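See structure below.
Any read-out appearing in this document is the output of simple, stated calculations on the displayed coordinates, not a laboratory observation. Quick caveat: nothing in here was measured; it's all calculated off a predicted structure. FYI the Cβ positions are ideal-geometry reconstructions off the backbone, even for glycines, and counts take in every protein chain you see.
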Amino acid sequence: AMRLAALLAALRPVLPLVLGLSLGCSLSLLRASWSQSAGEDQCRGAAGPGPFAGGAPPEAAGGGPGPGHEDFRPRIVPYYRDPNKPYKKVLRTRYIQTELGFHERLFVAVLTSKATLNTLAVAVNKTVAHHFPRLLYFTGLRSAKVPHGMVLVAHGDERPIWLMYETVHYIHQHFGSDYDWFYIMQDDTYAQAEQVKALVTHLSINQDVYLGRAEEFIGGDEQARYCHGGFGYLISRSLLLKLHPHLDSCRNEILSVRPDEWLGRCIIDFLGVTCVSQLQGQHYHTYELAKNTEPEKEEEEEFQAALAVHPVSDMTLMYRLHKRFSRIQLDRAYQEIQDLQMQIRNLTSLTPAGEAGLTWPVGINAPFLPKSRFEVIGWDYFTEQHLFSCPDGSPKCELSGASKADVSEIIESALEQLNSRYQPLLRFSKRQLLNGYRRFDPTRGMEYTLDLLLEAVTQKGHSHVLAKRVSLVRPLSKVEIIPMPYVTEATRVQLVLPLTVQDLDFVANFLDMFAMNTLDTHDNALLTLLFIYHPYDAQRVSQVDVFAGVKAMVGELEKRYAEVKIPWISVKTEVPSQVKLMDIVSKKHPVDTLFFLASVWTEINMEFLNRCRMNTISNWQVFFPVHFQEFNPALVYRGEQTASSSTDFLRDGHFDRHSFAEACFYNSDYMTARTKLAADILDRDEVLENMEVFDVFLHYSGLHLFRAVEPGLVQKYALRSCNPRLSEELYHRCVLSNLEGLASRSHLAMALFEQEQANST
């Protein structure tokens with residue numbers, strides 16, 4: 001008994017663990033037996049000859065997508081490398097959608113002719129072409145003169161059937177693998193682009209679709225229909241792929257006068273697909289215009305719901321139709337906004353915040369709430385003539401350009417809203433804008449507050465002058481992704497470093513950083529040095545070369561890196577104009593060279609070079625980074641702490657917006673802008689001394705100028721030497737850069753305080 005009691009006492013701490021393991025194992029075995037029984041019943045039910053439960057299709061029961069769904073079945077391609085074959089680098093596609101097999105949604109083909117190419121086709125291009133993602137014009141002319149802004153495909157044969165055959169063949173050959181839907185229309189057809197795009201988003205691409213206005217064949221089968229070409233028709237990609245092998249047979253065997261009837265007969269005879277006007281719950285509404293139709297007076301529901309209208313006899317009628325349908329779409333949008341606002345008002349009372357949670361305007365995001373005084377968004381004051389917050393920093397400037405148009409439009413909108421609310425009891429007219437305020441709220445849009453001096457006239461003709469404050473919001477609309485040309489990080493960057501005598505103390509650090517971050521890492525970057533000699537130093541270069549030390553350092557680098565060559569160019573000038581120096585460098589490099597114009601204080605790194613490559617696009621965009629300038633360590637640290645390492649970007653400093661010394665651009669873009677500048681100044685070379693490369697691109701190129709802060713471009717503090725022979729503006733910017741680069745306000749205040757304390761004692 002004593003031994004048993006001692007044994008139980010020893011096992012008591014582990015007894016709950018043993019019981020838990022036993023219970024868990026028992027439950028696991030019991031659950032496994034239940035799962036096996038259920039699986040056996042399920043398998044027996046699936047193998048039975050009866051119908052599937054719940055109406056599940058056979059492919060769902062079998063676990064696979066079934067026949068006809070191969071395009072949508074996910075496939076895992078195993079990686080296998082043959083050890084007997086040499087390794088070959090896998091080439092990735094340019095865009096991820098190409099690798100994943102994505103297709104664009106809609107391609108539009110417009111059939112035109114010699115008589116209508118410069119009239120109706122131009123009207124189509126000006127009204128609806130920009131609403132479609134891709135639109136091409138097809139004609140039978142051989143050497144047609146293409147109107148501006150149109151992409152024309154000329155087949156060289158004006159026979160209607162031949163034009164249709166060549167058009168379908170061309171679409172299959174060039175776009176058959178890129179688009180899901182193909183819309184074919186004539187240039188005497190007005191199509192509502194947004195409605196057509198909405199239609200294809202509601203149709204399944206897994207079917208052979210031939211959708212349009214169904215018409216009967218003359219003397220043919222009563223069941224078969226073809227799509228009338230005047231009202232346009234939609235063809236799916238699967239149908240186009242199946243139709244292409246039979247096009248030659250259709251051209252040789254089917255006789256018809258109308259091209260749309262010929263195409264319909266081809267599709268029916270070889271594929272068995274007839275034209276339909278309704279598919280998958282979607283209707284293809286059309287409207288046939290009568291002679292002397294007034295689009296502004298058309299109120300029929302059939303007209304307003306039409307996707308395509310035909311026939312359009314002239315350009316003026318096309319523009320009138322576009323205006324009418326745009327008005328209809330705008331009214332629908334306004335009505336939908338009102339309905340949504342009413343629903344929001346009704347639902348707001350049910351929320352925890354109640355009516356107090358309702359924002360103005362209804363449906364727009366609430367204003368941004370700052371968490372500190374540093375996040376407060378300031379208001380810009382303006383009148384009808386002047387703006388009191390100018391881009392150049394001046395306190396007052398004339399209101400002009402887009403700002404003037406913005407103010408005029410917002411005042412007109414305010415009067416329109418007031419009159420729509422108070423008429424016919426009162427009618428308002430503007431006398432004067434007393435005060436105007438605006439600010440941009442990134443969460444909702446541009447906000448305006450206007451103090452208007454108005455004259456109110458009653459129905460009886462009595463007038464009264466009153467001041468009224470109104471608030472308006474121009475909300476942010478749908479975000480649009482701007483298409484940009486494709487660029488890569490593999491482009492070679494050609495660094496250009498201008499050097500003067502005053503820069504000699506900083507060259508060693510620049511070359512060390514260049515060697516460490518580009519040569520050691522084998523980055524695709526080259527360096528060219530530009531030695532700027534003063535005329536006095538140039539005369540003594542045979543006795544004393546001021547750049548001899550730099551040339552010795554370059555020689556050491558070339559010995560250390562045998563495959564690297566660092567060329568230099570010597571220039572003699574008193575005024576080192578950035579444009580003149582760039583002219584010399586540009587002539588010595590190919591037109592496709594990507595230049596990075598650097599300064600001696602720049603710390604080169606791979607991160608910035610990659611951004612230089614990505615942000616600079618040939619014939620599209622140039623990049624002018626705003627470097628991060630460190631403050632004077634003597635004022636910031638005052639001997640109490642040391643400066644942080646060069647890899648730490650969170651140092652005391654600021655982004656120097658006065659400096660335009662760094663730039664990334666292609667040589668071809670510079671040469672194009674420089675040619676326009678030369679034609680403008682007419683051999684007045686003294687003008688170049690007052691310009692920088694930034695000014696050349698700003699005034700003489702149509703490229704995008706991308707100016708952004710660059711945290712990867714860090715410069716240590718150094719007092720720049722400002723050349724007084726440069727223009728007043730350039731000299732003033734250089735002085736401001738030096739002054740603002742000393743220290744922050746708090747550091748300067750602390751330095752002054754310590755100096756006063758030292759003087760007082």
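Structure data summary
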{"read-out": "The chain: antiparallel DSSP beta bridges as a percent of all, rounded to 5", "value": "55 percent"}
{"read-out": "Ellipticity estimate at 222 nm from DSSP helix runs (n ≥ 4, -39,500 (n - 2.57)) divided over the chain, nearest 500", "value": "-11500 deg cm²/dmol"}
{"read-out": "Sparse-neighbourhood loop sites, trypsin sites (Lys or Arg not before Pro) in region 379-460 - DSSP loop, at most 13 other Cβ within 10 angstrom", "value": "Lys396, Lys460"}
{"read-out": "Cα centre as origin, Lys/Arg/Asp/Glu Cβ charges: the chain dipole, Debye", "value": "1100 debye"}
{"read-out": "Extent along principal axes [Cα atoms of the chain; Å; largest to smallest]", "value": "117, 105, 74"}
{"read-out": "Loop-located chymotrypsin sites (Phe, Trp or Tyr not before Pro) in region 430-505, at most 11 other Cβ atoms within 10 Å (DSSP)", "value": "Tyr486"}
{"read-out": "Sites Lys114 and Lys478, calculated FRET efficiency, Cβ-Cβ separation with R0 51 Å, nearest 0.05", "value": "0.80"}
{"read-out": "Proximal lysines to Lys114, defined as alpha-carbon separation beneath 18 angstrom and excluding residues fewer than eight positions away on the same chain", "value": "Lys145"}
{"read-out": "Lysines whose Cα lies under 29 Å from that of Lys242, excluding same-chain neighbours fewer than 8 positions away", "value": "Lys197"}
{"read-out": "Whichever aspartates and glutamates have a C-alpha closer than 15 Å to that of Lys559, once near sequence neighbours (fewer than 8 apart) are set aside", "value": "Asp512, Asp520"}
{"read-out": "Highest to lowest packing among 718-727, 608-617, scored as the average C-beta count within 10 Å", "value": "608-617, 718-727"}
{"read-out": "Burial ranking of peptide ranges 288-301, 621-634 (average Cβ count within 10 Å, highest at the top)", "value": "621-634, 288-301"}
{"read-out": "For region 380-475, Kirkwood radius (reciprocal of mean inverse C-alpha pair distance, Å)", "value": "14.4 Å"}
{"read-out": "For region 357-379 versus region 692-722, the gap between their alpha-carbon centres in whole angstrom", "value": "34 Å"}
{"read-out": "Positive-end residue of Thr189, Thr167, Asn125, charge dipole of region 119-218 with Cβ unit charges", "value": "Asn125"}
{"read-out": "Members of Lys551/Lys572; Lys126/Lys478; Lys565/Lys588; Lys430/Lys468; Lys551/Lys580 lying beyond 19 Å, as alpha-carbon distances in this model show", "value": "Lys126/Lys478; Lys551/Lys580"}
{"read-out": "Principal axis box of region 471-533, alpha-carbon based, largest edge first, Å", "value": "59, 33, 20"}
{"read-out": "Order by protection proxy (mean Cβ within 10 Å, highest first), peptides 240-247, 660-667", "value": "660-667, 240-247"}
{"read-out": "Dimensions (Å) - region 96-323, Cα atoms, principal axes, largest first", "value": "46, 45, 41"}
